[in-house]
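Chemist: Below is the structure I would like to discuss, written out as structure tokens.
What follows draws every value from the coordinates through simple rules; no lab data is involved. Just so we're clear, the structure is a prediction, and the values are computed from it rather than from any experiment. When we count neighbours, we look across all protein chains shown, and the Cβ atoms used for this are built from the backbone with ideal geometry, even at glycine.
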Protein chains: 4
Amino acid sequence: VKLLSPHSFPTELFRRNPTDHKGDSGRGLFIGGSDGTSGAALLACEASLRSGIGLLSAIVGKNAVQPMLTRTPEVMVRGYESDLQNQVNLLAEKSDAIAIGPGLGIEASAKKILETVLTLKKPTLIDADALNLLSKYPELWDAHGHEHCVMTPHPLEAARLLNISVEQVELDRFSACMELTKKFGCTILLKGSGTLISKKQNNVFVSYFGNEAMATGGMGDVLSGVILAFLAKSRNCIESTKLAAFVHAMAAEQASNQGIIGCLPTDVSNNIRLVIKETL
Amino acid sequence: VKLLSPHSFPTELFRRNPTDHKGDSGRGLFIGGSDGTSGAALLACEASLRSGIGLLSAIVGKNAVQPMLTRTPEVMVRGYESDLQNQVNLLAEKSDAIAIGPGLGIEASAKKILETVLTLKKPTLIDADALNLLSKYPELWDAHGHEHCVMTPHPLEAARLLNISVEQVELDRFSACMELTKKFGCTILLKGSGTLISKKQNNVFVSYFGNEAMATGGMGDVLSGVILAFLAKSRNCIESTKLAAFVHAMAAEQASNQGIIGCLPTDVSNNIRLVIKETL
Amino acid sequence: VKLLSPHSFPTELFRRNPTDHKGDSGRGLFIGGSDGTSGAALLACEASLRSGIGLLSAIVGKNAVQPMLTRTPEVMVRGYESDLQNQVNLLAEKSDAIAIGPGLGIEASAKKILETVLTLKKPTLIDADALNLLSKYPELWDAHGHEHCVMTPHPLEAARLLNISVEQVELDRFSACMELTKKFGCTILLKGSGTLISKKQNNVFVSYFGNEAMATGGMGDVLSGVILAFLAKSRNCIESTKLAAFVHAMAAEQASNQGIIGCLPTDVSNNIRLVIKETL
Amino acid sequence: VKLLSPHSFPTELFRRNPTDHKGDSGRGLFIGGSDGTSGAALLACEASLRSGIGLLSAIVGKNAVQPMLTRTPEVMVRGYESDLQNQVNLLAEKSDAIAIGPGLGIEASAKKILETVLTLKKPTLIDADALNLLSKYPELWDAHGHEHCVMTPHPLEAARLLNISVEQVELDRFSACMELTKKFGCTILLKGSGTLISKKQNNVFVSYFGNEAMATGGMGDVLSGVILAFLAKSRNCIESTKLAAFVHAMAAEQASNQGIIGCLPTDVSNNIRLVIKETL
């Protein structure tokens, strides 16, 4: 196990050149935020913008469209359409990376979209409900899984993916992480105190950055957004995930200087830019 | 009567541990904010988030859904559905505490929801229209009332609950508060200059924190939100109420440093985090 | 003509006492903000809150409801209903003062509402489209006009009210103002560089506060909101108007310190509280 | 080629006089922001307000109406109506300048609106989809084009307008810019690192202000808004474009002081006022 260190990031993957145009900063697509969990989409996309994504499209539940425009007019946002798969395909085609899951829901239509996304073989962040879909329908991954994915389960989601109990995950987080990398052959970030990050290789990074301010709903959605931005820029799953874990946790530390209790995911997003400035 | 003092709070009930996850910070459910008084829901939920609630769900009038997503994407918000009771039951089951009342309305459907909530016997904050419902339908409390409730009437609501005039309440606020604790057998916070807080025991606390900046509509909704957060974390009605009264009033004092006239409930919410930081 | 001076305000009319409750701070009702000019309602209500109104209700066009909730959840806002007159009556009855006009429109339904409002004989601010309605239908004022009104025309609106040309107004603003007070027998504020304020008495005040940052659409809506707040608190038309003119102009001066060009009405609103703090 | 210099602007064209009223600051109309690209309208209009436009109307897709009211209640915004051409004519008639394009779409209805706007012969900013429409339907310009237009293509849009490849544009940006001025006989701003600005005369200005923070989606929409404001005030195409390019780039430099990666168009808008204060 290696400690995640602020000195270990290949920052040249993420920096901009003076003559870059917006396409060079990476194009991302976010899919999620169905009714009842619409806020997840807002949190993730805002974090993605603050992490420097060049162009961001989003397909979200109807209730999330106008709030997203209001908060972040920079996102090209559309509500789910009747021909959702076609809609996803059109936007995904032009994207460097995709994030799917936060607030997606686990209905049959959600399953179909996840399948569509996986078949594109693009760098893809899989979180929250998209992980639950993989637990519920293992055949999805068997048929369409690929190594250019990043999965970011919390212990309960990890337990479901591994068909074990959450206590077993917590008892030996390292083994759980290794099992996930073995089973899915892609980049894994196991959430919790002492975040673990690993790829196919027998190589696990642990991050002790961050604090208990992160024990608040929506913090994971922000992480998804950060990973999406770095993935769209670099297309490098493991390095994007490591850097995002660091930036996310440091931004939470910064944000919680004004108080740990009552620190919100949106406060964290507002600190991402500063942390990146000092890191990249 | 005891003076509420900043040194008297059992803060271990509200602090977080470094390894806590979001569930440990408490799960709350807010119900209210019907059309015409939708803002009450927004004010209460925002205050709850700033008071450190771990996960917050809300069931609100249709007009409040998108504004709440826009202001506080951290809330998992849903509009009232046709099968509202079932909706409430599903979300309440997973909650550590419930707040009901601000902007709820007093229609028959509102009565039915209040009944549903009371039967769950969870730590419950009852304010505004939910108090008016208890005045209008005393049989509700007779059948389903329980001690894990906090009621936060202003003098007029107190008068209605006790079937006396508001002048009688104002004439002897202490007696009115004691009558309420006797009648309902739960925690009572009687609003007004010199806020009174009491539980079953013959034990009344008075708070002189706060100032005339609080003589503005919506300040009570903020208090409801603060109580909900502390209740979800500690499940302790009297201590949550005492701490919330203090935090709310101190946040108002802080906020009114920039001017008493024109100080708004949202300004108070923005100061909650700082006050908690200095208190807990 | 007397110069408006910061030392001339009977501030005891507007101050709060330590034991005041929200009702003591004044209850206001705003009516306006139809589709196409919805923003006027948002600007006016926000300014009213920042001027210390205790409770604010608003009846606005459908498009303005959710934006108002999002910006200022403190307002109890409702969209125009089919039985608009009844809706207005119910809310107006409980109000200390009413503001009508900004973004109201001049359709037949708007005329009917203005008539309803005038018949209530409450302290009433009449601006923008409500002034245009009075120009178009002089019989409205003849039948229902009363002295507890404040009218705030800009030169073009004044010209229409007096059936003269705008050039004639500009040529002798003092005479125009006097003509308006004579014709309507209520408080008049004639906008423009060198704002004139007068009541029935042969007594005109001129204000030279403010600057060219105010040459931006929406500044008048802010003024309407400030007047409404002071009117609801004091019910004194002439003193509310004088104080509001001063506070509004000083807030604009403060706001424009960060740049005159690009200074917006919402910037002015954000400075009202500070100016009041220093004035009252 | 001349270097754009902060000392070269005829600032008297853009300054306000102490006795100006809102009409003197310029009336603008923005048309764009259809569903899926609604945010472009929000970004442009916000920038226009921050650049000092006196009165701003907007005709936008339905999804953009309430977000625009929420973010910038100063805009008189309407959703596309069924009789869109009539709607455009009514508002355009009262405007000093028009901006059309960002998020407009390229459907037949969009083409019809662009035609309507061009026939009015008012100072007009043409960007984004409006440029794409001119590429797709060259007959539009042949029939209705006029010199009081400003076109702001990025290299890909320039390539389409000239029927050459984007590589050819990038290879000799100067020639491409001159070709565009020759072909359209109006003011051209060719985006990219080393922005080029030219009018009919054989006279090209180059701006090296700005930095890689601008390599983010939505930055061009902000520029459109700035140009609209200056055009509405001065009706001078070339001077408005030169000043806007400078102000936009300097505001981006200011905004990016807090971090280049994650700097957003809305951050740039928030810095426009300060830059104008120091420039005009």
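Chemist: Using the crude model of +1 on Lys and Arg Cβ and -1 on Asp and Glu Cβ, and no other charge, please compute the dipole size for the protein assembly as shown relative to its Cα centre, in debye to 20. Display every interim value, and only then the final one.
Modeler: On the way: 108 positive and 112 negative charges, 176 e Å.
Magnitude of the dipole: close to 840 debye.
Chemist: Could you state the number of Å between the C-alpha centres of the stretch C:73-104 and the stretch C:184-209?
Modeler: Using only Cα atoms, the two centres lie 27 Å from each other.
Chemist: Something else now. What residue of chain A sits with its beta carbon nearest the rotation axis taking A to C, and at what distance in whole Å?
Modeler: A:THR70, 3
Chemist: Taking every DSSP beta bridge with both residues inside the protein assembly as shown, roughly what % is antiparallel (nearest 5)? List each step's numbers first, then the result.
Modeler: Working: 28 of 124 bridges.
Around 25 percent antiparallel, to the nearest 5.
Chemist: Taking Cβ-Cβ under 4.7 Å as the only way to count a partner, pick out the unpartnered cysteines of chain C.
Modeler: So, C:CYS45, C:CYS177, C:CYS237, C:CYS263.
Chemist: Quick check for me: using +1 on Lys/Arg Cβ and -1 on Asp/Glu Cβ, what's the dipole size of the stretch C:153-260 about its Cα centre, in debye to the nearest 20?
Modeler: Working: 10 positive and 9 negative charges, 109 e Å.
Here the stretch C:153-260 has a charge dipole of around 520 debye.
Chemist: If the label for D:LEU13 sits 7 angstrom from Cα along the Cα-to-Cβ line, what are its distances to the same label in every other copy, in nm to one decimal, shortest first?
Modeler: 4.9, 4.9, 6.8
Chemist: With chain B treated as a Gaussian network of Cα nodes joined by springs under 10 Å, which of B:GLY262, B:GLY210, B:GLY52 yields the largest mean-square fluctuation?
Modeler: Judging by the Gaussian network model, the answer is B:GLY262.
Chemist: Using Cα positions and a limit of under 28 Å, work out the lysines in reach of B:LYS112, with same-chain residues fewer than 8 apart set aside.
Modeler: Reachable lysines: B:LYS62, B:LYS94, B:LYS121, B:LYS122, B:LYS136, B:LYS182, B:LYS183, B:LYS191, B:LYS199, B:LYS200, B:LYS233.
Chemist: Zone of D:GLU81 (label point 7 Å along Cα→Cβ, backbone N under 19 Å): which residues in the stretch C:85-103?
Modeler: Of the residues in the stretch C:85-103, C:103 have backbone N under 19 Å from the label point off D:GLU81.
Chemist: Then there's this: Net charge near C:ASP142: determine it from the other residues with C-beta under 12 Å of the C-beta of C:ASP142, scoring Lys and Arg +1 and Asp and Glu -1.
Modeler: Details: positive: C:LYS183; negative: C:GLU115, C:GLU139.
Computed value for this residue: -1.
Chemist: Which value at 222 nm does the protein assembly as shown reach when only helices count, each DSSP H run of 4 or more adding -39,500 (n - 2.57), with the total divided by all residues and rounded to the nearest 500 deg cm²/dmol? It would help to have the intermediate numbers written out before the result.
Modeler: Details: 48 runs with 541 residues, N = 1120.
Using -39500 (n - 2.57) per qualifying helix, the result is -14500 deg cm²/dmol.
Chemist: Taking the Cβ of each residue in A:VAL77, B:VAL204 as the centre, tally the other Cβ atoms inside 10 Å and list the residues starting with the fewest. Mind dumping the intermediate values first?
Modeler: Values: A:VAL77 29, B:VAL204 18.
Least crowded to most crowded, the residues run B:VAL204, A:VAL77.
Chemist: Of C:MET151, C:LEU171, C:PRO67, whose Cα points farthest to the positive end of the dipole of the stretch C:57-183 (charges on the beta-carbon: +1 Lys, Arg; -1 Asp, Glu; origin at the Cα centre)?
Modeler: In the stretch C:57-183, that residue is C:PRO67.
Chemist: Next up: So if I take the centroid of the Cα atoms in the stretch B:245-280 and the same for the stretch B:16-57, what is the distance between those two points in Å?
Modeler: Here the answer is 17 Å between Cα centres.
Chemist: Also, quick follow-up: Is the C-alpha gyration tensor of chain A telling us rounded, prolate or oblate? Criteria: a/c under 1.5 is rounded; beyond that, a/b larger than b/c is prolate, otherwise oblate. Working shown, then result.
Modeler: Values: a/c = 1.30, a/b = 1.04, b/c = 1.25.
Rounded, because the longest to shortest axis ratio a/c is under 1.5.
Chemist: Around D:VAL268, with a cut-off of 12 angstrom between Cβ atoms, what is the net charge of the other residues, counting Lys and Arg +1 and Asp and Glu -1?
Modeler: Surrounding charge for D:VAL268 is -3.
Chemist: If Lys and Arg each add +1 and Asp and Glu each add -1, what is the summed charge of the other residues whose beta carbon sits under 14 Å from the beta carbon of C:GLY194?
Modeler: Details: positive: C:LYS2, C:ARG173, C:LYS191; negative: C:GLU170, C:ASP172, C:GLU212, D:ASP20.
For residues surrounding C:GLY194, the net value is -1.
Chemist: Assigning unit charges at the beta carbon (Lys, Arg +1; Asp, Glu -1) and nothing else, what dipole magnitude in debye, to the nearest 20, does chain D show about its Cα centre?
Modeler: Numbers: 27 positive and 28 negative charges, 122 e Å.
The dipole magnitude comes to about 580 debye.
Chemist: I would also like to ask the following. How long is the gain from D:GLU147 to D:GLU170 if the chain were fully straight, where each residue apart is worth 0.36 nm and the alpha carbon distance is subtracted? Each step should come with its number before you reach the end.
Modeler: Values: separation 23, 0.36 × 23 = 8.28 nm, distance 2.53 nm.
Value of the extension gain: 5.7 nm.
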